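Here's the structure, in structure tokens; my notes come after.
The values are calculated or read from the model by the stated rules, or taken from the named source; none is laboratory data. What you see is a predicted model, and the numbers here were worked out from it, not measured in a lab. Counting neighbours? That spans all protein chains shown, and the Cβs are built from the backbone with ideal geometry, glycine included. For accessibility, only protein heavy atoms count, side chains too; no ligands or nucleic acids. Shrake-Rupley method; radii C 1.70, N 1.55, O 1.52, S 1.80 Å.
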Amino acid sequence: MTDLAFQKCISPRCGATYGIDEVRVECSVCGNLLDVVYDWDRAKPPASLKWFEQKWTRRHEPLCFSGVWRFYELLPFAPPSQVVTIGEGQTLLQSAPSVAAYVGLNNSGLYLQYEGMNPSGSFKDNGMSAAFTHARTIGANRAACASTGNTSASLAAYCSVTKLMRAVIFVGSGKISYGKLSQALDYGALTVQIAGDFDDAMARVKEASRELGIYLVNSVNPFRLEGQKTIMYRVLEALRWEVPDWIVVPGGNLGNSSAFGKAFIELKEIGLIDRIPRLAVINAAGANTLHELYERRGLRWNKGLPAEETSTGYFGELDAGGKRASTIASAIEINRPVNLTKCLRALEACDGVVREVTDQEIMDAKAQVGAGGLGCEPASAASVAGARKLRAEGIIGVDERVVCILTGHQLKDPTATVAYHTTDQDKFNEVLGSRGVKRAAYANRAVAVPNDLDEIIKAIHLYG
Ligand SMILES: *Cc1c(COP(=O)(O)O)cnc(C)c1O
Ligand SMILES: [Zn+2]
């Protein structure tokens with residue numbers, strides 16, 4: 001551990017502090033979430049973001065190669081000798097003109113931050129490298145998570161590459177994509193399938209880790225968010241340290257949005273940026289807790305004292321109605337986002353907005369991303385669908401610079417993609433029709449031809 005950081009309850013009414021070597025998922029005084037807080041006077045971060053460019057010439061050093069630890073000076077909670085990296089964060093900010101047209105922006109106004117390029121194929125590796133580093137510093141030998149898929153794939157990858165810990169993974173039944181489940185199994189993680197959904201798996205993993213003393217790496221873990229801050233540093237880096245107008249991100253457990261807010265709050269506080277971008281968090285309509293609470297019921301950060309009865313009341317309604325989250329975007333199919341309060345803080349700091357998008361909008365946006373970018377999994381496309389909605393409402397201006405976060409790789413959930421492009425109506429109905437998706441407006445259908453060269457050549461002339 002370094003002595004430059006400590007943990008602190010996010011509630012200003014409480015503000016309890018804990019050592020950096022303590023393992024906690026909540027404040028033991030009031031139950032709120034914890035932050036990792038730095039003593040910047042002593043940590044002495046660089047005087048300008050440009051300073052980090054010198055690390056580009058030292059790519060042979062693992063800590064400079066990593067897109068997370070290249071920014072070590074902005075998350076110095078562990079000594080460099082303890083830092084764990086498997087090469088995360090080699091990601092790309094791609095300018096996507098055709099997706100910009102779809103969203104309704106100027107040609108060069110839309111950028112896709114493609115986090116699918118991480119070793120396990122999602123942005124989760126950014127956070128995992130930090131949580132895993134913390135787990136190592138406290139001497140953990142087992143780490144656990146509940147997951148809609150990507151967190152487990154990431155944890156399993158860190159365990160199998162480093163052999164520092166054994167992974168224990170809790171998944172719900174049915175709602176995990178094969179791409180993700182196959183990673184956990186392939187990497188050798190102990191995989192426990194609970195008869196329940198993600199929210200059930202989350203509740204059980206908390207209990208089981210407490211009982212067995214297993215290190216928990218879900219996004220309630222404050223160290224995860226430290227790693228995820230670096231996604232924003234890389235966005236700034238790719239824009240040559242210019243702050244964009246908007247960051248648009250899908251919202252599930254709200255770890256990413258919370259981390260982005262923290263990143264910008266800190267950069268502003270240290271004096272490394274002079275302006276904070278606006279933040280848009282996009283829910284799926286079938287898992288829209290944040291949208292409901294923030295946009296409809298007026299829940300706000302309120303200087304760290306959000307009206308608790310607003311959220312508890314809503315969760316009570318969900319339970320009473322037996323309402324379960326349901327969306328094709330399995331990575332954000334979550335009704336009880338664990339980082340809700342931190343996300344409210346991020347929305348406050350970033351003059352944020354929240355929108356919900358339907359599975360139809362998600363799948364159409366995903367097809368546009370695929371046709372004009374590197375592709376993504378359904379949850380990721382919520383960002384593009386949300387940006388389009390905000391553009392249509394005039395909240396995002398036509399000449400603004402917008403960065404949508406593509407959180408996961410295109411191949412994570414091939415079932416949804418193939419169902420969208422298929423000519424097989426039964427397959428479409430089973431996967432997408434059942435979720436209210438009516439048509440595949442941007443489908444790229446396979447052309448069926450006889451096994452005959454002339455016919456094949458004819459088809460290529462006709463469709464090519
Ligand atoms: C985890 C995940 C999300 C949701 O992120 P939160 O930080 O939980 O809001 C979105 N997309 C993908 C691909 C994910 O794996
Ligand atoms: Zn507290």
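Scanning the range 17-30 for residues that are closer than 23 Å to Trp301 by Cβ and more than 16 Å from ligand 1 (Cβ to nearest atom) gives Thr17, Tyr18, Arg24, Glu26, Cys27, Ser28, Val29, Cys30. I'd like to check something: does the range 388-399 contain any residue that is out of contact with any strand residue (DSSP E or B) (no Cβ under 8 Å at 6 or more places or on another chain), under 30 Å from Arg278 (Cβ atoms) and free of Cβ contacts under 8 Å to residues at least 24 places away in the same chain? Taking every residue of the range 388-399 in turn, at least one turns out to be out of contact with any strand residue (DSSP E or B) (no Cβ under 8 Å at 6 or more places or on another chain), under 30 Å from Arg278 (Cβ atoms) and free of Cβ contacts under 8 Å to residues at least 24 places away in the same chain. Set side by side, the residues Leu33, Leu75, Leu4 differ, and just one is touching a helix residue (DSSP H, G or I) at 6+ places or on another chain (Cβ under 6 Å) and within 16 Å of ligand 1 (Cβ to nearest atom), which is Leu33.
A single entry from Lys8, Lys50 fulfils the requirement of being at pLDDT 95 or above, assigned to a strand (DSSP E or B) and open to solvent by 70 Å² or more (accessible area, probe 1.4 Å): Lys8. Of the listed requirements (1) among the aliphatic types (A, V, I, L, M); (2) more than 19 Å from the chain's Cα centre (by Cα); (3) modelled with pLDDT under 95, Ala331 misses just one: (2). Summed over the range 324-349, the residues that are out of contact with any Leu (no Cβ under 7 Å at 6 or more places or on another chain), more than 10 Å from ligand 1 (Cβ to nearest atom) and of a type in the set (Val, Ile, Thr) give a count of 1. Of all residues in the range 344-364, those that are open to solvent by 30 Å² or more (accessible area, probe 1.4 Å), of a type outside the set (D, E, K, R) and not in a helix (DSSP H, G or I) total 1. Just one of the listed residues (Leu93, Leu112) is part of a strand (DSSP E or B), surrounded by fewer than 24 Cβ atoms within 10 Å (Cβ to Cβ) and modelled with pLDDT of 95 or more, and it is Leu93.
A single entry from Ala208, Ala238, Ala201, Ala184 fulfils the requirement of being open to solvent by less than 20 Å² (accessible area, probe 1.4 Å), in contact (Cβ under 8 Å) with a residue 24 or more places away in the chain and more than 24 Å from Thr289 (Cα to Cα): Ala184.
Only one entry in Thr312, Thr341 is exposed (fewer than 12 other Cβ atoms within 10 Å of the Cβ), of a type in the set (Ser, Thr, Tyr) and out of contact with any helix residue (DSSP H, G or I) (no Cβ under 7 Å at 6 or more places or on another chain), namely Thr312.
Here the helices (runs of 4 or more DSSP H) wholly within the range 399-464 that include at least 2 residues being closer than 29 Å to Trp246 by Cβ are 414-421.
Among the residues of the range 20-30, those that are under 24 Å from the mean Cα position of the chain (by Cα) and open to solvent by 20 Å² or more (accessible area, probe 1.4 Å) comprise Val23, Arg24, Val25, Glu26. Does Ala381 satisfy the condition of being within 30 Å of Met232 (Cα to Cα) and not charged (D, E, K, R)? Considered against the rule, which asks whether it is within 30 Å of Met232 (Cα to Cα) and not charged (D, E, K, R), Ala381 comes out as yes. Between residues in the range 295-314 that are of a type in the set (Gly, Ala, Ser) and residues that are modelled with pLDDT of 95 or more and buried (at least 16 other Cβ atoms within 10 Å of the Cβ), which pairs lie under 6 Å by C-beta distance while being six or more apart or on different chains? Correct list of pairs: Gly304/Ser11; Ser311/Leu293.
Filtered by the rule that a residue be over 22 Å from Gly149 (Cα atoms) and among the small types (Gly, Ala, Ser), the range 235-284 gives Ala238, Gly261, Ala263, Gly271, Ala280.
Checking each residue in the range 24-47 for being within 16 Å of ligand 2 (Cβ to nearest atom), of a type in the set (A, V, I, L, M) and assigned to a loop (DSSP other than H, G, I, E, B) picks out Val25, Val29, Leu33.
In the list Ala443, Ala367, which residue meets the criterion of being touching a Phe, Trp or Tyr at 6+ places or on another chain (Cβ under 7 Å), surrounded by fewer than 23 Cβ atoms within 10 Å (Cβ to Cβ), in contact (Cβ under 8 Å) with a residue 12 or more places away in the chain and closer than 18 Å to Ala284 by Cβ?
Ala367
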